[in-house]
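The block underneath contains the structure these notes are about, expressed in structure tokens.
Rule-based calculations on the coordinates, nothing more; no lab input. Keep in mind it's a predicted model, so treat the numbers as computed, not measured. Counting neighbours? That spans all protein chains shown, and the Cβs are built from the backbone with ideal geometry, glycine included.
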Amino acid sequence: MAKILVADDEPGLREFVTDSLELDGHTVIAAKDGREAAKLLDERGFELVLTDLKMPGMDGMQLLRKVRAEQPEVEVIMMTAHGSVADAVEAMKLGAFEYLQKPMSGPDELRLLAQRALERRGLKDRVDASTRHVETAGPPLTYGDPAMKPVVDAIEKVAKTPATVLLLGESGTGKEVAARAIHSHSPRATKPFMAINCAALSEQLLESELFGHEKGAFTGATERKRGRIELAEGGTFFLDEIGELKPELQAKLLRVLQERAFERVGGSRTIDADVRWVAATNRDLRAMIDAGQFREDLYHRLAVFPIKLPALRDRPSDLLPIAKTLLRQIAADLTRAVPKLTSAAEKKLQACAWRGNVRELRNTLERAAILADGDVIDSDHVWLEDNGAAKTGSRSEDPQAIRTLAEIEHDAILHTLESVGGNRRRAAELLGIGERTLYDRLKKYGVD
């Protein structure tokens, strides 16, 4: 079921719309005017907005423009009196899904229209990646620390060119976020952004995902499939974890970069590859070249414009802004208000080494938000997997205070499992391990 926001300055109509939509099992939040609705949009995630056209302060048209500019995936239905239908039609030109005339005769028309809007929203989510940008999994490119200025300057300069970019840096430093920033500032911004993780798929699956395949190309290929390179036509293709690419696929990728063409698996027709390439790795590709694990000619094709992203510990003034951005995303996922960090919680975050960078920070904040179960995150809610190790790496020299890795692991797993109500899959995600690994550890601890 969907999360729906209703904005209207008439209490009776707000109640009617809320009750009608809740009949279908939707979660409905009501706002008394446009300003309150705008605040809720910033704090929570919604799939559909129903707004009155005429409201004091911020009217429905202004609210629509805000949604279209900041959350274009959200559908908007305008509610209007008979005399302002012309304005409602104008709103549809700006991107509203439909309009409803007031007064409404009953709940059926409202519920049907909401269902249609949500179906279109679902269709957008399922539509082929060749016609839309892939949603980002990380935060926007948040920066302010001097260590990030060379990175931002480089992104802005290279984005305007067709040059191939190689993003370097530790795992979790935001390389995909940087790739999306390059795409969004490029002339290809209106075309698809396609991403693939070279470490996430087997060699055969990865080849099929990249190049596509013809019917009968291999067992299970029951129909022709267009590859992601083909689907990214005119846009940007992001190759994450490029250092994990197997030698045979390295050779095939090199040909695509050189000739800007390829064939589907099992096919003979040459297909043009009009894409802009961005690759990323946390590995030392030059060392891999020396070890015979990575092609030097492919490296030089990818490293036309290398950019190294600093670790989170090397950009300290960005830590809290990034944390607050992440908390807004987490609050939307948990369908609750954005929690505030106390000064004690902030100090605890700033004292951590963050070896896992932004990815580790997000996991920590999500656990804290679950544990807080309210609007304030205090230091007690900030549970650090490195047992609160400061950036200096110092610890108490008291032998009684020293704990083994097995003890730390045991407490980390049980604490996380408890914080998510025993949900093993969610606990495994937060811990960054496989569900099977978690099961084996619980069996070892004798936990059912």
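Which value, in debye to the nearest 20, describes the size of the charge dipole of segment 1-92 about its Cα centre when Lys and Arg Cβ atoms bear +1, Asp and Glu Cβ atoms bear -1, and nothing else is charged? Working shown, then result.
Details: 10 positive and 19 negative charges, 51 e Å.
Dipole magnitude for segment 1-92 comes out near 240 debye.
What is the calculated FRET efficiency for D108 to R35, with r their C-beta to C-beta distance and R₀ = 35 Å, to the nearest 0.05?
On the way: r = 31 Å, r/R0 = 0.89.
Calculated value: 0.65.
Could you point to the residue in M61, A337, G446 farthest towards the positive end of the chain's charge dipole, with +1 and -1 charges on the Cβ of Lys/Arg and Asp/Glu respectively?
M61
For K149, go through the aspartates and glutamates and keep the ones whose alpha-carbon is under 16 Å away, minus same-chain ones fewer than eight residues off.
D314, D318
Distance check, please: which entries in K324/K347; K93/K157; K160/K225 exceed 24 angstrom between their Cα atoms? Could the numbers behind the result be given before it?
Details: K324/K347 14 Å; K93/K157 35 Å; K160/K225 32 Å.
Violating the 24 Å limit, Cα to Cα: K93/K157; K160/K225.
If you count, for each residue, the other Cβ atoms within 10 Å and average over each peptide, how do 225-232, 35-42 line up from highest to lowest?
Numbers: 225-232: 20.0, 35-42: 18.0.
Ranking, from highest mean packing down: 225-232, 35-42.
For K102, which sequence-distant residues (separation of 5 or more, or a different chain) have an amide H within less than 5 Å of its own amide H, given hydrogens modelled in the peptide plane?
So K102 has HN proximity to T80, A81, H82.
Given charges of +1 on the Cβ of Lys and Arg and -1 on the Cβ of Asp and Glu, with all other atoms neutral, how large is the dipole of segment 286-356 about its Cα centre, in debye to the nearest 20? Walk me through the intermediate numbers first.
Working: 13 positive and 7 negative charges, 74 e Å.
It works out to roughly 360 debye.
Which percentage, to the nearest 5, of the DSSP beta bridges contained in the chain is antiparallel?
Numbers: 4 of 43 bridges.
Percent antiparallel among DSSP bridges in the chain is about 10.
Find which of P107, I29, I77 sits farthest along the positive direction of the dipole of segment 3-127, computed with +1 on the beta-carbon of Lys and Arg, -1 on that of Asp and Glu, about the Cα centre.
Working it through, the farthest residue towards the positive pole turns out to be I77.
If the reach is capped at under 12 angstrom between alpha carbons, list the aspartates and glutamates near K102, excluding any in the same chain fewer than eight residues apart.
D8, E10, D52
How big is the antiparallel share of DSSP beta bridges in segment 3-127, given as a percent to the nearest 5? All intermediate terms of the calculation are to be shown ahead of the outcome.
Numbers: 0 of 19 bridges.
Here the share of antiparallel DSSP bridges comes out near 0 percent.
Straight distance only, please: which aspartates and glutamates reach the Cα of K215 with their own Cα at less than 17 Å, same-chain residues fewer than 8 apart left out?
Candidates past the 8-residue exclusion: E207, E223, E230, E263.
Taking a temperature of 10 °C and a viscosity of 1.306 mPa s, what whole-number D in µm²/s does Stokes-Einstein yield for segment 255-389 with Rh from Kirkwood over alpha carbon pairs?
Once the numbers are plugged in, D ends up at 86 µm²/s.
Quote the FRET efficiency, to the nearest 0.05, computed for L414 versus M288 with a Förster distance R0 of 45 Å and r equal to the Cβ-Cβ distance.
Step by step, r from the Cβ atoms, then E = 0.70.
Could you calculate the contour length gain from R226 to K347, that is, 0.36 nm times the residue separation minus the distance between their Cα atoms, to one decimal place in nm? Numbers along the way, then the final one.
Details: separation 121, 0.36 × 121 = 43.56 nm, distance 5.00 nm.
Between R226 and K347, full extension yields an extra 38.6 nm.
Provide the FRET efficiency to the nearest 0.05 for the V152-V304 pair, computing r from the beta carbons and using R0 = 22 Å.
Working: r = 19 Å, r/R0 = 0.87.
Efficiency, from the Cβ-Cβ distance: 0.70.
Placing unit charges on C-beta atoms (Lys and Arg positive, Asp and Glu negative, everything else neutral), compute the dipole magnitude of the chain about its Cα centre in debye, rounded to 20. Write out the running numbers ahead of the final one.
Numbers: 65 positive and 72 negative charges, 238 e Å.
Charge dipole, the chain, about its Cα centre: 1140 debye, nearest 20.
Looking at S208, P247, P146, which one has the Cα that reaches farthest to the positive end of the dipole of segment 146-310 (charges on Cβ: Lys, Arg +1; Asp, Glu -1)?
P146
With a bin width of 10 angstrom, please list the P(r) values of segment 3-127 as percents of all Cα-Cα pairs, from the 0 bin to the one holding the largest distance.
14, 52, 32, 2
Once Rh is set to the Kirkwood radius over Cα pairs, what Stokes-Einstein translational diffusion coefficient, in µm²/s, holds for the chain at a temperature of 20 °C and a viscosity of 1.002 mPa s?
Values: Rh = 25.1 Å.
For the chosen part, D equals 86 µm²/s.
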